[in-house]
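This report concerns only the one structure given below.
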Amino acid sequence: MSRWMHRPSPAMIVACLALLVALTGTSVAAVTQLVPRNSVGPAQIRSNAVTRPKIRNNAVNSAKVANRSLLAVDFRAGQLPAGPAGPAGPAGPAGTGATLAFGSATGVGATTTSSTTFTDLPGASTTVTVPAGATATLFVSFSAESACSGAAGYCTARVVVDGNEAAPVVGNDFAFDSTDGATEGTSSWESHAMERVVTGLAAGAHTVTVQYAVTNAAATLRLDDWGLTAVAMRQS
């Protein structure tokens, strides 16, 4: 029995086109409903084969990111290289108590005196310079190996700054060492030290000097292995 092939009628063609359009619209709607605007986040990008189709690693690449759209906060700390260091800012003013100047001197040669008036200890001098616009408090330390011997009396020392005695201002009323009632000998070596202070020291260079003397011309003061330190600290 022969079969005849019939051409589809115009009505059949129109019906098929309508069905195709209807099916296409349903697919688009389904995709739109499954992936709405702004709905893709970390949970959707993360690969998870159980709850959703597995997304290929490294799927989000440079081609999918708008140029110059990412910010520094979008990157983990340490991922972006640091830029060159900027210029250092100006130093702020030193606060009260900051060290402004320092001076020191030492000596290892023994020297003696029997003078009842103060004379400079050879080499025991230093200079401190207070910066412009500052007022300082000066702290002076002096220590030495001492031997005070001879007639009854004592041996004294003082610190002068620019020729003026540092506090306490007591003249020769200070025993740096003593003959101990004329019982000490020339080999009665001992270690002695003193501290002196000057307040309200103005800006500029200042000379700090140690002087020594005895209260009895028959006594002798021997100083050796000494050290002098002067520190100026901001007062205002």
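We did not get these values from a lab; they are worked out from the coordinates using the rules stated. Quantities reported herein were computed from a predicted structural model and do not represent experimental measurements. Cβ atoms come from the backbone with ideal geometry, glycine included; neighbour counts cover every protein chain shown.
Could you derive backbone 3J(HN,Hα) for the stretch 98-108 from the dihedral phi with the Karplus parameters 6.51, -1.76 and 1.60 (θ = phi - 60°), listing whole Hz in sequence and x where the residue is Gly or Pro?
Taking θ as phi minus 60°, the curve returns 6, 6, 9, 8, 8, x, 7, 7, 9, x, 10 Hz for the stretch 98-108.
Ranked from highest to lowest mean number of other Cβ atoms within 10 Å per residue, what is the order of the peptides 112-118, 209-215?
Numbers: 112-118: 15.3, 209-215: 22.3.
Packing proxy ranking, top to bottom: 209-215, 112-118.
Just how large is the dipole of the stretch 99-234 about the Cα centre, in debye to the nearest 20, putting +1 at every Lys and Arg Cβ and -1 at every Asp and Glu Cβ? Let's see the in-between values first.
Values: 4 positive and 12 negative charges, 87 e Å.
Roughly 420 debye, rounded to the nearest 20.
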